[in-house]
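The values are calculated or read from the model by the stated rules, or taken from the named source; none is laboratory data. Values in this document were obtained by computation on a predicted structure and should not be read as measured data. All Cβ positions, glycine included, derive from the backbone under ideal geometry; neighbour counts span all protein chains shown. These accessible areas exclude ligands, DNA and RNA; they are computed on the full protein's heavy atoms, side chains included. Shrake-Rupley method; radii C 1.70, N 1.55, O 1.52, S 1.80 Å.
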Amino acid sequence: MNANAIVQKLWRLCTVLRKDGITYQQYVTELTYLLFLKMMAERNRETGSLPKGMRWADIVAANGLAKLEHYRKILVTLSATTTRLGKDDALILPPGGSVTPDESNRYANAQPLPDLVQKIFDGASTFLREPQNLTALVTAIDELDWFSEERDQFGDIYEGLLQKNAEETKRGAGQYFTPRVLIELLVRLMQPKPGEAIQDPAAGTGGFLIAADRYMRARTDDYLNLGERERDFQKRQAIRGMENVPGTLRLLLMNLYLHDIDSDHIDLGDTLSDKGKGLGRADLILTNPPFGPAGGATTRDDLSVTASVASYQLPFVEHCIRALQPGGRAAIVVPDNVLFEDGRGRQLRQMMMDWCDLHTILRLPTGIFYAQGVKTNVIFLTRGRAQIGNTKSVWIYDLRALMPKFGKTAPLMDVHFKDFEQAFGTDPYGAKRGKDEGEAGRWRMFKREEIARRSDNLDITWLREAEEEAEERLTEPDDIAAAILGHLQAATLEIETLMGELGDEFPEVAG
C-alpha cells in the first residue's frame, strides 16, 4: 500500500469519527499523538523517551473502555511538565517538587521527558469519547505495513493528512498550509545548500523547512558523507522556525520528526515580539507570513520602519530583511498591499530596495490559498553588503492576468509555473534572466528609476482582464465563497491601511 492509499484509508476513518463530534482539525491532532507513539515503537526509540506502560504496545493490548482510559492517562502523564522517567514507571513530581524520604530512591535517578516528547504532548487531551472509535484508529494504524516503501513514507503520509485537512477546512487552513506546488517551486529556485541556516519565521506545519531539507538530501551527492560536525549542523542547527499557535506547533514538530529533522531552533512564539530576535541570522528565508490585522503593533524594538503597523505582513517583511545575512536570499509570499501601500508601506519598500536587491516579483494567480482570497505575490530578494542602492532593476512576472480561476475544480500544478521558472533562470540570486517580453508578454523588467517615478509603487500591471469575467467561470460553491471572502479581506486591508495612515498623522484616531 503506497502513501496515497494509506492517507485515503486513514482519512476515511475521519468520516466515521465525525459521529463522535470530532472535527477534521481534531482528528489530525489525535492522529499526531497516535502516530508519534507508533513511530517511537517502530524506530526503537521508546527506551529513554517514554515511560514503561505508556508505549504503543500497551495501547494495543488494552481492550474496550480500558483502552480509552489508559490512552487518556498516557496523554495526561506525557503532557505534565513534572513527569519524570523512572526505572520502571512514570513519576510525576508533587507540587513544589518535594518527595518523602521513602520516595527519594525512586526519584533519585529519574530523568525529565525528552524535549520533543514534552512539546508534542504539551496540553494534550483526547477528543474521543467512544472506546470503539479509539480501537478503530489504533487497529488501522497498527495493521498498516508502514515500511513497505522508502523510509520517509511516514512523512509523506503525514503531509498528505495535513493537505486533506486544509482541503476540508478552507476557512481556517490557510494560516498553516501553503500549497505544496508553490513550496517546491520556491525551494527549487532558491537552491538551499548544506551548511546554510534556513529560516521560516511563520513556520506553520513546516512545509518550507521540510522541502528545503529534502531538496538538499536529494541533490547533494556527498550529503550522507558529511563530516560529524557538518552532519550535526544539518540535523540540529540548519533548520530554524517559529510558530505562534500551540496546536500548529505540535503538527510542525511531528512533521519534522517524521522527516528525521531534530532541530534545536524550532520555537513557540511571536516572531513580531522580542522572542523573534532569537531566530538569529539566516542564509535563506522561505516563508508565507500571515496576512491581516495583528491585534496591535509589533513589540519588537528593532523593527523601526513598521513599529506602529498593526498588521502582520509589513512587520514580517522587515523581519526578513533584517534577519538575512549579507548575501543571504529570501522568497516571501506577500499580499498586494505590501507592493502598493503608502506611508509605512512605501518606507518599507524603500528600505527593501536599498538594503536588498529586490530582483523578482511573481504575481500569483487567485484561488490558490484556501483561507486567504487576498491577491498574493512572491518577492525574491538578496541582502546587500551595504544598506543603500542594492536594487538596480526589478523583474515582474504576471501569472495572474489571463489565467484560470484556480480552486477545487482547477488545482494549481507545476506546469503552470514552467514559463516563469524558465524566465527566472538558474541562478538563485536572479543573475540570469529570460528576455523581456514587453507589454504583450508576462515577463518585464523595470529600472529602479522608473519605480521611483511611480512613488515606489511595485503593484505594476500591464495585462488586462476584467476580474468579473474570471469569476464568472467559477462553479463550485466553495470557490465562489472564497472569491467573496477575498473581496471582503482586500477591503479590510485597505481600511486598515487608511486607519494606520490616519493614526500616524492623528494619533487620537488610532487611539
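Among the listed pairs Lys275/Lys392; Lys277/Lys432; Lys19/Lys67; Lys193/Lys235; Lys38/Lys164, which are separated by more than 23 Å between their Cα atoms?
Violating the 23 Å limit, Cα to Cα: Lys275/Lys392; Lys277/Lys432.
Among residues other than Pro51 whose Cβ falls under 12 Å from its Cβ, what is the net charge (Lys/Arg +1, Asp/Glu -1)?
That sum, taken over residues with Cβ under 12 Å, equals +1.
Please report the accessible area of Trp355 (heavy atoms, 1.4 Å probe, ligands and nucleic acids excluded) in Å², nearest 10.
Its accessible surface works out to 40 Å², give or take rounding.
Ranked highest first by the average count of other Cβ atoms within 10 Å around their residues, in what order do 269-277, 423-431 fall?
Packing proxy ranking, top to bottom: 269-277, 423-431.
Please compute the net charge surrounding Val187, taking Lys and Arg as +1 and Asp and Glu as -1 over other residues with Cβ under 13 Å from its Cβ.
+1
Report the local net charge at Thr391: Lys and Arg +1, Asp and Glu -1, summed over other residues whose C-beta lies under 9 Å from its C-beta.
Net charge around Thr391: 0.
Return the sequence-ordered ³J(HN,Hα) values of segment 123-139 in whole Hz as given by the Karplus equation 6.51 cos²θ - 1.76 cosθ + 1.60 applied to θ = phi - 60°, using x for Gly and Pro.
x, 5, 7, 8, 8, 6, 10, 9, x, 5, 6, 5, 4, 4, 5, 4, 5
Quick check on packing: order 297-308, 243-254, 21-32 by the mean number of other C-beta atoms within 10 Å, highest mean leading.
In descending order of packing, they fall as 243-254, 21-32, 297-308.
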